[in-house]
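As structure tokens, the structure follows; a few thoughts come after it.
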Amino acid sequence: MIFTSFNFLIFFPLLLIFYFITPFRFRWLTLLCASYFFYLNIKPIFALITIGVTISTYIFTRLIDNVKDDSQKKRLMVINIILILLPLFFFKYYSNINNGIIGLLESFSIRWPLPDIKLFLPIGISFYTFMAIGYTVDVYNEEIEAEKNLGILALFISFFPLILSGPIERAKNMLPQFREQKKFDYNVAAQGFKLMLWGYFLKLVVADRVGIYVDAIYNNIGQHNGTTLLFASLLYPFQVYADLGGYSLIAIGTAKVLGINVMFNFNRPFFSTSIAEFWRRWHISLITWLTDYVYTPLAFHFRTLRIWGIVLALMITFFISGIWHGANLTFIVWGLMQGFFLSLEALTSNTKTKIEDKFKLKEKSLYILVSCIITYVIFASSQILGRATSINDAFTVFRKIATSSGHLFIGELQQLVYGVLAVGFLIVIEFRQEFFTKNQDPLKFNKWYFEHLGYALLVILILLVGVFDGSQFIYFQF
Amino acid sequence: MEKLDIIEKLATIFRTVFKKESLIITEDLTANDVEGWDSLTHMLLIAEIENVFSIKFKLKELNKMKNVGDMVAIISSKL
């Protein structure tokens, strides 16, 4: 089941009724059953992997808590991490490795008939595997005690709002909440529904409308000129943002209605004035996860190399992030590009701060605006690699943008107008949030009737302009 | 070494790493209070502390440092 399916519109209200009439002691059980029902609805066989990851993590974390010797604890942690990563590696990279071997053998004129299995990636596997890894490391680090109730741990790993695409939550935040006794709170639930609505708007109106145009251009790179490719490439980050950001808000809102607080995944990233700031505001749950469990151990290991140790750790972290997004050259180059820009900033930050302080640049709105635009353009150009299907395509896009111009391809005028207006609306709302209301609630007004009117209009906009063709979320493929 | 001596030594390190002469170090100080104290500069800070105090941290201890007070406690346990 996915958030944009009709089934979810039936499932969620029914769950709310069941959930709030269940006695406090058994609420976790209701949620666990609901979560597995939600997940089984996609492809039942995939749940076996989730169960495997849960049981392995349960056993190893209990063992970590029970042995005394630190090196033994460490060994147990490493074994569990490897065990639960195996299915992820297998499903994600099997065909890559297979094709690689076949290609290599063929280049030596050997034809070796390896079975060419097209595997479906079990949806959400990356996200719950990451949560389980984080939990294992936290238990090893004595940040939390190993959970003794297998059911609660199973709920943490399979919690339905998060299982398909995150936010990648931490056990420390989630486990205690599954035990808290919370009565239904109208205001909290209303807040949750508001976030869900804004999430649906982002996904169905912004992401999917923009997506129609971007797909039309990127599926036909050869046919389009530089102007059109530039325009589509500048739009694409908004599609990704509205897609994953919208998904995340629906997830956060859903959990909130149930009385469970989940971390925010985005913090208006396009108002960042540097790449470093951008990565503190973009896909926050993944970045903080990578920071805690990949970057920090690496940087710690290389710390005697000082700034170059940090550069090395950054490059490796983003290389891993790139490979995770996809085992293609495009994503590897994408990851290295992020690492490169971040390292460049780290190396020049002292000089930059000095100049900014001297001319009081940080108070000047023009400087802020230009910095935001530069950051956006750098990110958008790296996203060309995220969107193009091959490294050759990506280079074609770069080359055409630099060399060819001409008229902008319009296609269906209505699609383009809807897409651009939706992006404009999003920018206006976020501008107001960023500089004025500073509130997570996108349509925050002092007068309650303005707020109600705003959300009523939002519903109408979703129904009128939303794309209801059952399209997938971009991050389901990861 | 007394707690105050450790804090005084730390203050010098902090001022060099974050390039802020006026920085005042208290036990409750956290990364949120200091501009430029992020995951990148944190490791420079750690390496510098290890160097000045001639100690070695464990990764596990790093995770336990939530503010300067925690840092002081861990440093003093190693002296």
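The values are calculated or read from the model by the stated rules, or taken from the named source; none is laboratory data. In this text the structure is predicted, and so the values were computed from the model without any measurement. Please note: Cβ atoms are built from the backbone with ideal geometry, for glycine as well, and neighbour counts cover all protein chains shown. Quick note on the areas: whole protein, heavy atoms, side chains included, nothing else; ligands and nucleic acids left out. Shrake-Rupley method; radii C 1.70, N 1.55, O 1.52, S 1.80 Å.
Annotations for the structure displayed:
- Residue match in the range A:314-324 (condition: within 8 Å of another protein chain (Cβ to nearest Cβ), buried (at least 17 other Cβ atoms within 10 Å of the Cβ) and part of a helix (DSSP H, G or I)): yes
- Figure legend. Inter-residue proximity from the range A:359-381: first residues open to solvent by 70 Å² or more (accessible area, probe 1.4 Å), second residues of a type in the set (Asp, Glu), beta-carbon distance below 7 Å, spacing 6+ or different chains. Indicated pairs: A:Lys362/A:Glu356.
- There is at least one residue in the range A:240-262 that is polar (S, T, N, Q), away from chain B (no Cβ under 11 Å) and open to solvent by 20 Å² or more (accessible area, probe 1.4 Å).
- Filter pass, A:Ser404 being surrounded by fewer than 17 Cβ atoms within 10 Å (Cβ to Cβ) and touching a residue at least 24 places away in the same chain (Cβ under 8 Å): yes
- Annotation for the range A:327-340: at least one member residue is closer than 30 Å to A:Ser390 by Cα and within 13 Å of chain B (Cβ to nearest Cβ).
Quick grid of which residues meet (1) open to solvent by 60 Å² or more (accessible area, probe 1.4 Å); (2) hydrophobic (A, V, I, L, M, F, W, C); (3) touching a strand residue (DSSP E or B) at 6+ places or on another chain (Cβ under 9 Å):
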site: A:Phe24; (1), (2), (3): yes, yes, no
site: A:Trp28; (1), (2), (3): no, yes, no
site: A:Leu31; (1), (2), (3): no, yes, no
site: A:Ser35; (1), (2), (3): no, no, no
site: A:Phe46; (1), (2), (3): no, yes, no
site: A:Phe60; (1), (2), (3): no, yes, no
site: A:Arg75; (1), (2), (3): yes, no, no
site: A:Ile79; (1), (2), (3): yes, yes, no
site: A:Ser95; (1), (2), (3): no, no, no
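Conditions (1) among the β-branched types (Val, Ile, Thr); (2) within 18 Å of B:Ile7 (Cβ to Cβ); (3) touching a residue at least 40 places away in the same chain (Cβ under 8 Å); (4) within 9 Å of chain A (Cβ to nearest Cβ), marked per residue:
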{"residue": "B:Asp28", "(1), (2), (3), (4)": "no, yes, yes, no"}
{"residue": "B:Ala47", "(1), (2), (3), (4)": "no, no, no, yes"}
{"residue": "B:Phe53", "(1), (2), (3), (4)": "no, yes, yes, no"}
{"residue": "B:Lys66", "(1), (2), (3), (4)": "no, yes, no, no"}
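- Taken as a whole, the structure leaves A:Val311 outside the set of residues that are of a type outside the set (S, T, N, Q) and within 17 Å of the chain's Cα centre (by Cα).
- Restricting the range B:23-36 to residues that are open to solvent by 30 Å² or more (accessible area, probe 1.4 Å) and over 11 Å from the mean Cα position of the chain (by Cα), the residue that is modelled with the highest pLDDT: B:Asp28
- Restricting A:Thr273, A:Thr351 to those that are out of contact with any Asp or Glu (no Cβ under 6 Å at 6 or more places or on another chain) and within 13 Å of chain B (Cβ to nearest Cβ) reduces the list to A:Thr351.
- The condition of being assigned by TED's automatic domain parsing to the domain that holds A:Leu164, more than 19 Å from A:Gln177 (Cβ to Cβ) and part of a helix (DSSP H, G or I) does not hold for A:Leu31.
For (1) among the acidic types (Asp, Glu); (2) at pLDDT below 90; (3) in contact with a Lys or Arg (Cβ under 6 Å, 6 or more places away or on another chain), each residue gets a yes or a no:
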position	(1), (2), (3)
A:Leu366	no, no, no
A:Val377	no, no, no
A:Thr396	no, no, no
A:Val420	no, no, no
A:Pro442	no, yes, no
A:Tyr449	no, yes, no
A:Asp469	yes, yes, no
A:Ile474	no, yes, no
A:Gln477	no, yes, no
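- Number of positions in the range A:38-61 that are free of Cβ contacts under 8 Å to residues at least 12 places away in the same chain and farther than 22 Å from A:Ile84 by Cα: 0
- Some residue of the range A:78-96 being of a type in the set (Lys, Arg), in a helix (DSSP H, G or I) and over 22 Å from A:Phe127 (Cβ atoms): no
- Restricting attention to the range A:297-306 and to residues that are in a helix (DSSP H, G or I) and more than 7 Å from every other protein chain (Cβ to nearest Cβ), the residue that is most open to solvent (accessible area, probe 1.4 Å) turns out to be A:His301.
- Residues considered: A:Val417, A:Val428, A:Val423. Of these, the only one that is open to solvent by less than 30 Å² (accessible area, probe 1.4 Å) and either without any contact (Cβ under 8 Å) to a residue 40 or more places away in the chain or assigned by TED's automatic domain parsing to the domain that holds A:Asn265 (or both) is A:Val423.
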